[in-house]
Amino acid sequence: MSKPMAYIEQAVFTSAETDRFAGYQVVGNSPGLCEVDVRELAVWGPSHDSLLELGPDAVSLNFHPLPSGAYCVSRTTAGGWEYSGRGGHRVYTQCLIVPPDVLMRFANNPFALLRAAEAGGMLVVHDRVPGQLDPLLMAGGAAPVNLNLLARLAANPGAQRMAILVQTAISSVCLAVAAIPPAGQLIAGLLNCLPPELRTEFSFSTGLKFSSRRPFRLMALSADPAEQRWIAHQNNVSVLDLSGSLPADAIPIDGWARLIGRVLATGRASFLGTELSKRRFHLTAEDLPALGLQLLEELEASALRDEYGQQANDFSLFDRPRPDDQPCPDDQPCLDDRQSPNREEGTTPVYHAAHRRIGAGRDTAAAAQSTAVAPSSTLDPDAPKVLEKLEHLDEVVYEAIGGRTAALEELQQLWPQVLDELGEELVAESREQYLRYALQIWEESVEPDGVRHPSRAVQALDVLCILFDEAP
């Protein structure tokens with residue numbers, strides 16, 4: 001099965017001297033971009049000294065709607081120098097014009113779409129921008145929730161602060177936020193905590209200065225105290241600083257915020273991923289408090305089921321007590337369940353095909369442990385390359401469970417590579433999240449009197465076999 005693909009339009013807003021104008025303008029665009037959207041891009045486009053950070057590495061990721069119904073997903077960088085020679089870096093914004101159906105393939109997550117665009121080599125800074133640009137072929141999609149990102153944010157800034165961020169963002173017309181993690185991570189995490197159906201209501205900028213011409217709903221807060229005070233006095237602008245101590249009365253009271261706080265505090269992001277993968281076509285922001293309370297009840301109930309089920313699962317095929325650890329009935333002989341009545345004494349046991357590697361691992365585990373150096377001991381878990389691999393793994397696992405044959409085939413090749421490169425320790429949490437997600441899909445697909453969605457159940461089982469039975 002091939003990846004879904006679609007062409008999207010693009011445009012570049014930067015400083016240049018053209019036949020039409022000298023200064024910041026839409027310098028080039030692809031031919032399919034309508035004129036009304038071009039004018040809107042010129043209004044929202046950031047000009048000289050618009051980036052919060054200084055220097056050549058400054059960057060901002062941005063998202064806002066367009067009059068045509070499409071969305072602008074853009075990246076603003078300090079690209080080169082001003083053509084006029086007045087000094088300072090040229091502010092360069094590449095805009096991707098994304099139709100709603102394409103954005104929905106990426107779970108309405110502009111960050112996921114930008115990652116795919118960057119991986120595909122689509123984000124380019126031209127020294128001289130052509131007047132006519134080519135449309136871009138956008139392939140693939142994304143899972144509804146980035147589990148690794150939420151796991152990092154649950155640790156820093158923490159579950160309670162993330163819940164307060166969600167609550168404040170939902171209730172604010174415009175929110176400027178600051179914290180120890182970069183604002184881009186916080187805003188990306190916030191979107192992952194919202195149903196995909198509502199994410200497009202949250203326009204954002206991760207690194208542009210406040211401007212009334214660019215009415216983003218979410219934005220990064222400047223580190224300058226004077227500018228922070230100025231922004232706090234703007235109409236309809238709320239300021240949230242998560243880097244310091246929270247007020248004593250700062251507790252999440254909204255139903256959805258309470259759900260997010262509980263999910264992150266208990267490490268149940270996979271539960272959120274399962275619920276957000278369900279399409280709720282008519283969901284509105286007003287529905288979130290009630291939906292949050294409903295899912296909070298289901299989360300607590302599932303936690304009780306998991307706790308009860310774990311007691312039974314402790315007696316699994318490989319963990320059940322040996323026969324000589326417990327008394328045998330007086331009228332029955334004791335037989336080791338790892339022996340076959342038909343196997344001759346002294347021969348090597350034949351493990352089930354799905355667990356053959358486990359059998360081999362038992363014989364070599366001690367030797368390997370004494371000589372091997374775990375990759376996780378030499379890798380930084382927050383290194384960009386590590387995070388990129390884990391995020392890509394997230395997408396492939398979700399797509400495989402969702403039924404994409406190509407994703408399942410890719411997972412068969414990708415999983416051993418990730419284990420070899422990152423090691424068991426770095427992928428252990430991800431694998432646990434995948435297990436929970438797949439088991440929830442399995443439970444939803446199976447009824448007491450039979451299988452309701454056999455294909456979904458089999459897909460979830462196939463993924464589990466790769467992640468556990470085929471692990472080195």
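Quick note: the coordinates plus some simple rules give every number you see, no bench work behind them. Small disclaimer: the values here were computed from a predicted structure and weren't measured. Glycine also receives a Cβ, built like all others from the backbone with ideal geometry; neighbour counts cover every protein chain displayed.
Where the alpha-carbon atoms of region 61-143 are placed on the principal axes, they occupy 44, 28, 23 Å, in descending order. Sorting Thr93, Thr200 by the number of Cβ atoms found within 10 Å of their own Cβ, with the fewest placed first, yields Thr200, Thr93.
Ignoring solvent entirely, what values of log10 I(q)/I(0) come out of the Debye formula for region 147-304 at 0.18 Å⁻¹ when each Cα is a single scatterer? The calculated log intensity ratios at q = 0.18 Å⁻¹ are -1.10. Fewest-first ordering of Val43, Val458, Val237 by other beta carbons within 10 Å of each residue's beta carbon gives Val43, Val458, Val237.
Could you work out the percent of alpha carbon pairs in region 162-246 separated by over 21 Å, rounded to a whole number?
When every Cα pair of region 162-246 is considered, 20 percent fall beyond 21 Å.
How long are the semi-axes of the equivalent ellipsoid of region 95-176, defined as square roots of 5 times the Cα gyration tensor eigenvalues? Whole Å, largest first.
So the three semi-axes of region 95-176 are 31, 16, 14 Å.
The protection proxy used here, the mean number of other Cβ atoms lying within 10 Å of each residue, ranks peptides 16-25, 156-165 as follows, highest first: 156-165, 16-25.
Counted by neighbouring Cβ atoms within 10 Å, the residues Trp256, Trp415, Trp81 run from fewest to most as Trp81, Trp415, Trp256.
Available extension along the chain between Ala119 and Glu286 is 56.5 nm, counting 0.36 nm per residue and deducting the alpha carbon span.
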